[in-house]
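One structure is given below, encoded as structure tokens.
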Amino acid sequence: MRRFVLLLGVAIAAVLAAIVIVNGNGKDPAEGRADGTGTEAGLYVNDVEIPCKLVFREDYAELPILAILKGLGYSVTYTDESMAEVDVDGKSYVVDLACASITEKEDSCQQNLIIPTPGESFFYCEARDGDIFVDQQTLRSVFMFMDVPGGVHVDFSNERAGVYKRTRVD
């Protein structure tokens, strides 16, 4: 039943993504802040700065999925310049940088886990520099689909983003 609900949600989001322009709020991601620039700042995972720069825009930050997963302690292995594999607690995922997609390795449907967050009017996703950059809401959705017990906090006033790993309680 959980898988059906997940697939239904993915299908609905895919239809919405096809209808809504990739940037649902009508803003051009290249615009950034009011002065037309983004701001580069450090990314902190569990309060440790990781060697990666992210870009802050007016109302979202461009967050690198693979660098964050690696910073959280998950295995990220590049199989070539456009493909990688990620292992999250024994479950394998295939990352296709050419298509900006993440799929479960054993999923016969090959559903992309990077989709617009249901209920959100904004979606940012771009593959560059050997990673896939998404906005903070999309990162939260990817964490949910990959069953990563993590949280995301973006502090726009101090231009700092933090990602942390939660302890699982079963």
Regarding Val48, is this residue out of contact with any strand residue (DSSP E or B) (no Cβ under 7 Å at 6 or more places or on another chain), of a type in the set (Val, Ile, Thr) and either modelled with pLDDT of 80 or more or surrounded by 12 or more Cβ atoms within 10 Å (Cβ to Cβ) (or both)? yes
Take Asp35 and tell me if it is assigned to a loop (DSSP other than H, G, I, E, B), modelled with pLDDT under 50 and under 20 Å from Val154 (Cβ atoms). yes
Examine the range 114-128 for a residue that is under 15 Å from Ala67 (Cα atoms) and surrounded by fewer than 12 Cβ atoms within 10 Å (Cβ to Cβ), and state whether such a residue exists. yes
Residues located in the range 117-156, provided they are over 17 Å from Ser101 (Cβ atoms) and either among the aromatic types (Phe, Trp, Tyr) or part of a helix (DSSP H, G or I) (or both): Phe122, Gln136, Gln137, Arg140, Phe156
Pairs please, first residue from the range 125-144 and over 20 Å from Lys165 (Cβ atoms) and without any contact (Cβ under 8 Å) to a residue 60 or more places away in the chain, second anywhere and surrounded by fewer than 21 Cβ atoms within 10 Å (Cβ to Cβ) and among the hydroxyl-bearing types (Ser, Thr, Tyr), Cβ atoms under 9 Å, 6+ apart in sequence or on different chains. Ala127/Ser82; Ala127/Ser101
Looking at Arg128, is it in contact with a Lys or Arg (Cβ under 8 Å, 6 or more places away or on another chain) and basic (Lys, Arg)? no
Some residue of the range 81-96 being modelled with pLDDT of 90 or more, outside any loop (DSSP other than H, G, I, E, B) and more than 16 Å from Val142 (Cβ to Cβ): yes
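The values are calculated or read from the model by the stated rules, or taken from the named source; none is laboratory data. Values in this document were obtained by computation on a predicted structure and should not be read as measured data. Quick reminder, even Gly has a Cβ in these numbers, built from the backbone with ideal geometry, and neighbours come from all protein chains shown.
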